[in-house]
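Peer 1: One structure follows; several queries about it will come next.
Rule-based calculations on the coordinates, nothing more; no lab input. All figures in this text were calculated on a predicted structure; none of them were measured in a lab. Here the Cβ positions follow ideal geometry from the backbone for every residue, glycine too, while neighbour counts run over all protein chains shown.
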Amino acid sequence: MRNWILFGALAALAVAAYGQPANNTAFELANLREDVRLLTQRVGELTMTVEQLSRDKEALQAKTSQSLVTLEQLNKALADVNRSMQGALNEQRRDILQQVSGQIERLGRQTNAALDALAKNQTTRPAVQTDFKEDFPKQGVNYTVQSGDTLSLIAQKHNARVQDIINANKISDPTRLRVGQTLFIPQR
């Protein structure tokens, strides 16, 4: 029916344009039919395009309504993320505190062991002498301590007594000689 309406409209246009029907009506009628056919085809294409656009619009509206979130939903999601981050941070703090606590305990044990060893070492050392006698010979020689020297080796080299060297030089700890130190070696 649409075709007849279009055909009628085109015929009316042709009559209006030319004033009167043309002599060769069959030819013009064929041209009009072809024009109507092309217009009908084009209208069909446009109808299909409009229908596709309508379907696309509905699909987009459906997607949009699914993807929109409310402010309340967004705030809830942020609160959930914040809670999970706080939980992770608290767990990380606990782990770090446990590691530090373990390291402090190990260092404490090592320090105690070192202090015990030092205390044990102090008990095996000879007592530090603070009282020196003046009964050593006042004549002797000066000697510069060499690497590897001990008081007993120095005394042997110079035919002297260890106690005389200690008293003459006021050596409070005989195990602590310094290389380059000058000692007076009393000789009898």
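Peer 1: Output the peptides 145-154, 163-172 sorted from most to least packed, where packing is the average of other Cβ atoms within 10 Å over each peptide's residues.
Peer 2: Going by the mean number of other Cβ atoms within 10 Å, highest first, we get 163-172, 145-154.
Peer 1: Same structure again: Taking amide H positions as placed in the peptide plane 1.01 Å from N, state which residues far from residue 183 in sequence (5 or more) or on other chains have amide H under 5 Å from it.
Peer 2: 143, 144, 145
Peer 1: Further question: Would you mind computing, in nm to one decimal, how far apart the modelled labels at residue 179 and residue 94 are, each placed 7 Å from Cα along Cα→Cβ?
Peer 2: 5.7
Peer 1: Measure off 7 Å from each Cα along the Cα-to-Cβ vector at residue 162 and residue 116, then give the distance between these two points in nanometres to one decimal.
Peer 2: Once both label points are built, they end up 3.1 nm from each other.
Peer 1: Excluding residues fewer than 8 places away in the same chain, name every one of the lysines whose C-alpha is closer than 25 Å to that of residue 133.
Peer 2: Excluding near neighbours in sequence, the set is 157, 170.
Peer 1: So if each residue of separation counts as 0.36 nm, and I subtract the Cα-Cα distance between residue 48 and residue 85, what length gain in nm does that give?
Peer 2: Once the chain is fully extended between residue 48 and residue 85, it gains 8.0 nm.
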